[in-house]
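Step one of this worksheet: look at the structure below.
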Amino acid sequence: MVFSSPLFLFVFLPLVLAGYFFIRRDMRNFLLLAASLFFYAWGEPRFVWLMIVSILMNYIFGLIIGAYSNKRAIAKGIVVTAVLVNVGILVFYKYLSFIVDNLNRLLESLGMNPFDVTPVDLPIGISFFSFHVISYIVDIYRNDSTPQKNPLNLALYISFFPQLIAGPIIRYKSIAEQIRARTVRMEDFDQGIKRFVMGLSKKVLIANPLGQTADNIFSLSGGDLSSGLAWLGIVCYSFQLYYDFSGYSDMAIGLARMFGFHFPENFNYPYISHSIQEFWRRWHISLSAWFRDYVYIPLGGSRTTRLKTYRNLGIVFLITGIWHGASWNFVIWGAWHGCFLIAERTVIGDFLRKVWTPVRFLYAALVVLVGWVFFRSDTLSQALHYLGSMWIPWRQGPGLYGVAYFVNPQIVILLGIAIIGATPLPKRIAEWMVGYLEAKPLQMGYEWVTSLYILAILLLSIMSLATSTYNPFIYFRF
């Protein structure tokens, strides 16, 4: 079940909201937990048991670590064991087939018999809830949080359906008090609905149509692509990924706020960045913060020698790459970003900071676009062929598909909207309009005007869902 599906919009969410506000306050967490487990079971009925086992196991680990908080050696041993167990579960389900496939290629090249291992299915969202439980355990060890005594409250933190399968990654200490007690004000509920609808519109009205065009272009073989078409495909995919992912984050933030939770922001206009460092301060902020706090800083961060700082960045972004999927393409994507982050800490970075701002923007955009080719392609060979098509401008001719074959007025308009929407300009215009409407002696307050605007977007999104069968869930690898 995904947020943009009619089942979620017209059945699941209304029933959960109705139950939440009619049930006793002391039963609300239990209702949200039951709804979250049902939400996960709808898409992954075989793996609900895995989540429940993970919850119970980490509940016990947390209590033990808390009990030995004054005996650091023992607590350290327990936290290392807990992290290894959680990482081991993630590796088994997400990376076992990848490891075995690569090992078998090596064995076959040496003339040895390969291993015969049954492929393991990937539980949806395992990367997200694994990172949640690891942060919970480590924060207790660091005395940043206290162990949760109520297993149902911990279960809600790990399985809460708004952030369960696509983030953002929520730190336990930032939400612990909200789990224990919260109040839903009308303003929160109103803002939550508006944020959810804006996220839904990003997904349905922009990401889906652009994604369909990108899929059609990437489905062509490298020999069929003209240079212009290859660029159109990766631009469409870049905006699909941004509006899909940030749209899901908006929907998660909005859903959480309807129930009284306040989630942190996860995207901050990453495509206006002037460097790769800035890009990662704006893109998937909760993931960047997680790797900073639980990998980069424990390795020594930047408070060490220059070479070790480069090493730490390299390790973090290799892990970042493989976290996104069990494929060499993701490893290369992570290494690609890591190399530029390292370069920006050298004299190259000093030079970039002195050049004309549009040149810095173009540099960051090109690095990100090339990286997305590896991220989107199914194989390394496809990625390399696609990049070849992009960077050979004379690849034109009657035997190749040109831009005109895929471009239509809808795509042109959507790309224009996507470009403008990826900047702070719409937000500034909205803020100006709110100030203008507040100052005008209108019979309808600006709240009614914005509500009508949100309603119009919602109706457009529903109409789009009703007339299109293309509504992909692109996080199945996470």
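The values are calculated or read from the model by the stated rules, or taken from the named source; none is laboratory data. Predicted, not measured: the structure shown is a model, and the values here were computed from it. Please note: Cβ atoms are built from the backbone with ideal geometry, for glycine as well, and neighbour counts cover all protein chains shown. We work out accessible area using only protein heavy atoms, side chains counted, and drop any ligands, DNA or RNA first. Shrake-Rupley method; radii C 1.70, N 1.55, O 1.52, S 1.80 Å.
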Could you state the accessible area per residue of the chain in Å², with a 1.4 Å probe and every protein chain left in place? 48
Shape call for the stretch 210-362 from the C-alpha gyration tensor, a ≥ b ≥ c root eigenvalues: rounded (a/c under 1.5), prolate (a/b greater than b/c) or oblate? oblate
If R₀ is 41 angstrom, what is the calculated FRET efficiency for the pair residue 18 and residue 425, using the beta carbon separation as r and rounding to 0.05? 0.60
Out of 229, 104, 274 - ranked by how far each Cα lies towards the positive end of the dipole of the chain, with unit charges on the beta-carbon of charged residues - the top one is 274
5 Å-binned pair-distance histogram of the stretch 308-389 (Cα, whole percent): 3, 15, 21, 21, 18, 14, 7, 1
Cα gyration tensor shape of the stretch 1-146, rounded if a/c is under 1.5, else prolate or oblate by comparing a/b with b/c: oblate
Compare the peptides 99-105, 28-34 by average per-residue count of other Cβ atoms within 10 angstrom and give them in order, highest first. 28-34, 99-105
Kyte-Doolittle cut-off 1.0, length cut-off 30 Å along the helix's own axis using Cα: show which whole DSSP H helices in the chain pass. 72-109, 446-467
Report the one residue of 124, 74, 51 whose Cα lies farthest in the direction of the positive end of the charge dipole of the chain (charges on C-beta: Lys and Arg +1, Asp and Glu -1; origin at the Cα centre). 74
Applying a 10 Å radius around every beta-carbon, put 13-26, 80-93 in order of their mean neighbour count, most first. 80-93, 13-26
If every Lys and Arg gets +1 and every Asp and Glu gets -1 at its Cβ, then about the Cα centre the stretch 41-164 yields a dipole, in debye to the nearest 20, of 540
Per the C-alpha gyration tensor (a ≥ b ≥ c, the square roots of its eigenvalues), the stretch 74-219 is rounded if a/c is under 1.5, else prolate if a/b beats b/c, else oblate; here it's oblate
With a Förster distance of 51 angstrom and the Cβ-Cβ distance between residue 74 and residue 412, calculated FRET efficiency to the nearest 0.05 equals 0.20
Which three semi-axes in whole Å describe the equivalent ellipsoid of the stretch 59-137, each the square root of 5 times a Cα gyration tensor eigenvalue, listed largest first? 35, 15, 8
Accessible-area composition of the stretch 93-191, carbon plus sulfur, in percent [1.4 Å probe]: 55
Pairs of alpha-carbon atoms within less than 8 angstrom and 6+ residues apart define the contacts here; what relative contact order does the stretch 316-423 have, in percent? 20
Over the stretch 104-168, what is the relative contact order in whole percent, taking alpha-carbon pairs under 8 Å and six or more residues apart? 35
For the stretch 289-345, count the residues as N, evaluate 2.2 N^0.38 Å, and divide the Cα radius of gyration by that value, please. 1.07
Restricting to DSSP H runs of at least four residues, report the calculated mean residue ellipticity at 222 nm for the chain, -39500 (n - 2.57) per run over all residues, nearest 500 deg cm²/dmol. -21500 deg cm²/dmol
When all C-alpha to C-alpha distances in the stretch 282-438 are sorted into bins of 10 Å, what percent of pairs does each bin hold, rounded to whole numbers? 9, 25, 32, 23, 10, 2
Count of lysine pairs in the chain with Cα atoms under 17 Å apart, counting only pairs 8 or more residues apart in sequence or on different chains? 5
What number, in nm² with one decimal, is the all-direction average of the projected area of the convex hull of the alpha-carbon atoms of the stretch 95-141? 4.7
Working note, the stretch 207-286: Cα radius of gyration (Å, one decimal) and Dmax (Å, whole number) are 15.9, 53
Taking the alpha-carbon centre of each part, the distance from the stretch 332-393 to the stretch 226-281 in Å is 18
With +1 on each Lys and Arg Cβ and -1 on each Asp and Glu Cβ, and nothing else charged, work out how big the dipole of the chain is about its Cα centre, in Debye to the nearest 20. 1340
Of the accessible area of the stretch 6-72, computed with a 1.4 Å probe and all protein chains kept, carbon and sulfur make up a percent value of 74
Quick one: net charge of residue 260's neighbours, Cβ under 12 Å, K/R +1, D/E -1? +3
